[in-house]
Every structure is written in structure tokens, then in C-alpha cells.
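Encoded as C-alpha cells, the structure appears first; notes follow it.
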Amino acid sequence: MPINLNINEQNLKAQEGETLLTVARREGIPLPTLCFLEGLSVAGSCRLCLVEVEGSSKLQPACALKVTEGLSVKTATERLKRYRKMIVELLFAEGNHVCAVCVSNGNCELQDLAVQMGVDHIRFSYQFPERKVDLSHPLFGFDANRCVLCTRCVRACDEIEGAHTWDVAGRGQSAHIISDMAQPWGSATSCTSCSKCVAVCPVGALFGKGVSVAEMKHQPAVVDFLASARREQNWHKKEEQ
Amino acid sequence: MSRIKLATVWLGGCAGCHMSFLDLDEWLFELAKVAELVFSPIADAKVFPEGVDVALVEGAVANEDNLELIKKVRERSKWVISFGDCAVTGNVTALRNPLGDPTPMLKRIYLAANVVTEGVPSEKGIVPALLPRVMPVHEVIKVDAFLTGCPPSAARIQAALEPLVKGELPKLEGEHIRFGQGA
């Protein structure tokens with residue numbers, strides 16, 4: 001049974017079990033995301049895809065909102081735009097994001113979001129937290145200064161690779177990504193060096209060793225390929241068929 | 001036609017934004033028809049003058065001299081524009097901030113790793129003391145517009161200057177506001 005819903009005064013049909021984000025993407029309705037990645041489970045933590053739901057005072061993340069009959073939402077109100085811009089600014093203020101000297105300069109989802117939201121300066125005071133850089137792995141590096149805690153690496157490692165090397169430790173301001181039992185990545189025995197965490201990182205936090213400023217290009221689409229290949233038992237890349 | 005009074009200021013930054021300004025090449029002749037450069041590291045003026053229309057400020061507020069100058073710039077200018085990522089975000093100049101007070105860093109640089117100097121350079125009135133924390137310009141004074149980039153490309157600088165010389169604040173958007181890059 002198709003479900004009837006309404007996005008931005010537009011009547012649409014969707015399948016039961018689909019999320020609002022899936023429907024919006026299919027219909028070409030833009031919704032910014034950061035923690036969401038096709039092929040991984042939903043975290044709903046970045047709050048960029050928040051929408052206004054008619055009849056509810058609570059904003060809902062579109063990535064985690066299952067469509068229901070009669071659902072009516074707005075995706076781009078002034079309030080939502082204001083909040084999204086604020087979220088991006090807070091991400092910049094919270095970490096140490098120095099685009100000019102970052103491996104991901106020019107290939108960064110946080111930088112792209114700032115452009116999208118019209119962020120030309122940060123209205124909040126920078127926290128300048130003291131964070132670590134882990135270069136103990138022979139192939140890859142992790143710079144916590146650039147981490148936005150999207151947990152894509154955690155989910156890719158657990159759900160696609162099945163290693164669960166990464167996890168989140170601490171709470172609030174002290175939340176951070178750890179490998180194995182909060183030990184150097186190079187001594188984390190669960191790590192298979194598969195590089196999926198590096199592929200999905202939206203910023204320059206995870207990178208291949210030896211890349212310099214603006215040279216790191218992540219490949220987040222790889223997890224969607226792996227997830228759908230497993231589901232559909234089709235291991236040929238779509239463009240090769 | 002009267003020309004606007006344009007100033008460019010160099011705080012804690014690498015001068016790359018000013019190099020990019022010079023990269024405007026022949027357009028600088030067009031600019032000179034409508035703007036008079038009254039203060040700049042590339043002009044011979046020792047004192048920041050009164051009645052400036054537009055001040056482009058490169059660099060973050062990193063030391064006592066920067067702090068003194070930026071306050072003067074604000075008082076004497078109609079519009080202050082943060083010019084480049086160091087002014088806008090702190091950027092490379094603020095890389096020292098997570099380390100806290102700069103004294104241990106200075107000792108490490110000038111004492112532990114250097115046998116030439118006899119101590120941390122300090123000369124009252126000559127070598128300005130570092131501030132405990134590097135600040136983007138808008139944390140210290142009101143800023144009227146932001147010109148991002150490390151450095152902002154000549155095209156981006158031109159896009160900001162064109163409205164400014166006509167007496168309008170620039171409204172840059174899209175790729176023209178991307179941090180880290182000049183496009």
C-alpha cells in the first residue's frame with residue numbers, strides 16, 4: 001500500500017518503511033546531511049536534516065523519520081535554515097578546523113556545508129580544544145582536531161567490515177573517537193586495515209599517510225556499493241554493467 | 001569624482017592576502033581611479049589616518065601591537081572588512097591556541113631548539129608580546145563584511161571591492177565564501 005504524504009505543499013507517494021530523507025532525495029528535494037551515509041545505519045546525530053512536522057512542535061531528523069499516512073512536513077523554513085547554519089557554525093567552533101592546512105581542503109563535506117549555508121564567519125567563540133593526532137597506524141592517520149563525531153567510521157567499521165575497531169568514548173564536549181580499548185590505532189588488533197573508515201570520513205580526520213594539503217579525496221560511496229552488493233548478491237560495480 | 005579612502009592592514013598573517021591583492025594586476029589601475037590607498041604595508045604611511053572608508057584587515061589579532069592597531073582601525077574607519085581566513089577564523093595564526101599560554105612554546109623555540117639567541121626575544125616597544133590567545137578580528141571589534149580564503153583569490157578580492165568602491169557592502173556567496181580556498 002503506498003503512503004500519501006506532503007512535503008513543502010507537494011503531494012507525494014511513498015512506500016511503507018521508507019524514511020522521509022529517502023523520499024525527499026528521490027523527489028529531488030534538497031536536504032543537507034552529514035552523519036547520514038547510504039549503506040550505513042542511521043545515526044540521526046548531526047541534526048542537519050531536521051524538518052518541521054505539521055501538528056508537532058518537535059523538529060524531526062528526516063533520515064530517521066519513517067513516513068506515515070498523511071505526514072506533512074516542511075523542509076526549508078526560515079527557522080530550519082537558521083538552525084542548520086548555526087549547527088555548521090557550532091561544528092567549526094567546537095573543533096580545530098583549519099581548512100588552509102587540511103588534507104581535505106576542497107574535498108570536505110563540512111566545508112561544502114558552510115558554502116551551502118552561507119557561513120562566511122563563525123559567530124560563536126572558537127573552543128580551540130586540545131586534541132590528539134594518532135599516526136601509529138602504518139597506512140593511515142587520525143587527527144581528532146578535525147573530527148565532527150559523525151560516527152560514520154564507527155558504523156562502517158562495525159556494519160560493513162565487521163571489525164568494530166572504532167567507538168565513541170566520553171560524553172558531551174569530551175566525546176571522542178577511540179580505537180579498540182582507547183589505545184593507539186597501530187596497536188588495535190581488531191583493525192584489518194581495510195580503509196573503509198578512511199573512505200567514509202566526511203572531513204580530514206581520517207586520511208591516508210603521505211597525502212598533503214588538499215590531496216585527500218574520500219570515497220564514501222564505497223559503503224553503499226558494498227552494502228547493496230551484499231544485499232543483492234551482485235558484486236559488479238553499477239557503472240561496469 | 002572623489003575617490004574612496006582605502007586602507008589595508010597587516011596583523012598576524014603571512015602577507016599572502018596582500019600578495020593576492022597585488023595579483024589583481026591591471027585591475028589595480030581601475031581601482032586607483034576610484035580608491036586612494038591611504039594606509040597599507042605596501043604604502044608609505046606610518047600612522048593609520050582618520051576618515052578611512054574601507055579597511056581590509058589581513059591576519060588575526062595575535063599580539064599587543066595587533067590589538068592596539070585594530071582598535072584604532074575600527075575607530076577611524078567606516079567599514080572594516082576581515083580579509084582572508086586568518087582575520088576571519090584565526091586560521092594558521094591560531095594553530096597555537098590549543099597549546100594554551102604561548103610561553104612554553106616560545107621557550108621551546110628560542111631556547112631548547114636554538115643556540116643562537118640568548119633568550120626569548122623581548123624588547124619593550126620593539127618586539128610586541130604575544131597575546132595569550134589568538135583571536136579572529138570580529139572577536140575584538142565589529143566587522144562589517146567577511147572575505148574568506150587562504151588567500152582569497154584576486155577574483156574574490158575584486159568581487160568584494162567592486163561594491164565597496166561604490167559605497168555598498170559586498171554580499172559574497174557560493175564558492176566565493178569557501179574557507180581555505182581562493183576560488
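Nothing in this text is a laboratory measurement; each read-out follows from the coordinates by a stated rule. Not measured: the values here are computed from a predicted model. A quick note on method: Cβ atoms are made from the backbone with ideal geometry, for glycine too, and the neighbour counts reach across all protein chains shown.
Of note:
- Candidate cross-link partners of residue B:72 among the lysines, defined by an alpha-carbon separation under 29 Å and a same-chain spacing of 8 or more, comprise B:5, B:33, B:46, B:124, B:142, B:166, B:171.
- Of the trypsin sites (Lys or Arg not before Pro) in region B:65-140, those whose Cβ has at most 14 other Cβ within 10 Å and which sit in DSSP loop: B:124
- Sites excluded, chymotrypsin sites (Phe, Trp or Tyr not before Pro) in DSSP loops with at most 16 other C-beta within 10 Å, longest stretch of chain A: A:1-123
- The protein assembly as shown, dipole about Cα centre (Lys/Arg Cβ +1, Asp/Glu Cβ -1), debye to the nearest 20: 620
- Rounded to the nearest 10 degrees, the angle from helix A:78-94 to the longest Cα principal axis of chain A is 10 degrees.
- GluC sites (Glu not before Pro) restricted to DSSP loop in region A:36-91 with at most 16 other C-beta within 10 Å: A:38, A:54, A:69
- Applying a 4.7 Å Cβ-Cβ cutoff to chain A, the cysteines left without a disulfide-compatible partner are A:49, A:63, A:99, A:102, A:108, A:147, A:157, A:191, A:194, A:201.
- Helix axis angle, B:154-165 relative to chain B longest principal axis, alpha carbon, degrees: 60
- Each stretch of four or more DSSP H residues adds -39500 (n - 2.57); spread over every residue of chain B, this sum gives -7500 deg cm²/dmol at 222 nm.
- The lysine pair tally for chain A, using Cα distances under 18 Å and a gap of 8 or more places or different chains, is 12.
- In this label model, residue A:130 and residue A:215 are separated by 3.1 nm, measuring between points 7 Å along each Cα→Cβ vector.
- Near-label residues of region A:120-151 by backbone N, under 15 Å of a point 7 Å along Cα→Cβ of residue A:64: A:150-151
- Simple spin-label estimate for residue A:182 and residue A:168 in nanometres, 7 Å along Cα-Cβ: 1.6
- Near residue A:63, once Lys and Arg are set to +1 and Asp and Glu to -1 for all other residues with Cβ below 13 Å from its Cβ, the sum equals +3.
- In order along region A:169-176, the Karplus-derived 3J(HN,Hα) couplings, from 6.51 cos²θ - 1.76 cosθ + 1.60 at θ = phi - 60°, round to 10, x, 10, x, 4, 9, 4, 7 Hz, and Gly and Pro are given as x.
- Only helical runs count toward this figure. For chain A, summing -39,500 (n - 2.57) over DSSP H runs of n ≥ 4 and dividing by all residues gives -6500 deg cm²/dmol at 222 nm.
- Exposed GluC sites (Glu not before Pro) absent: longest stretch of chain B, with sites in DSSP loops and at most 16 other Cβ within 10 Å deemed exposed: B:51-117
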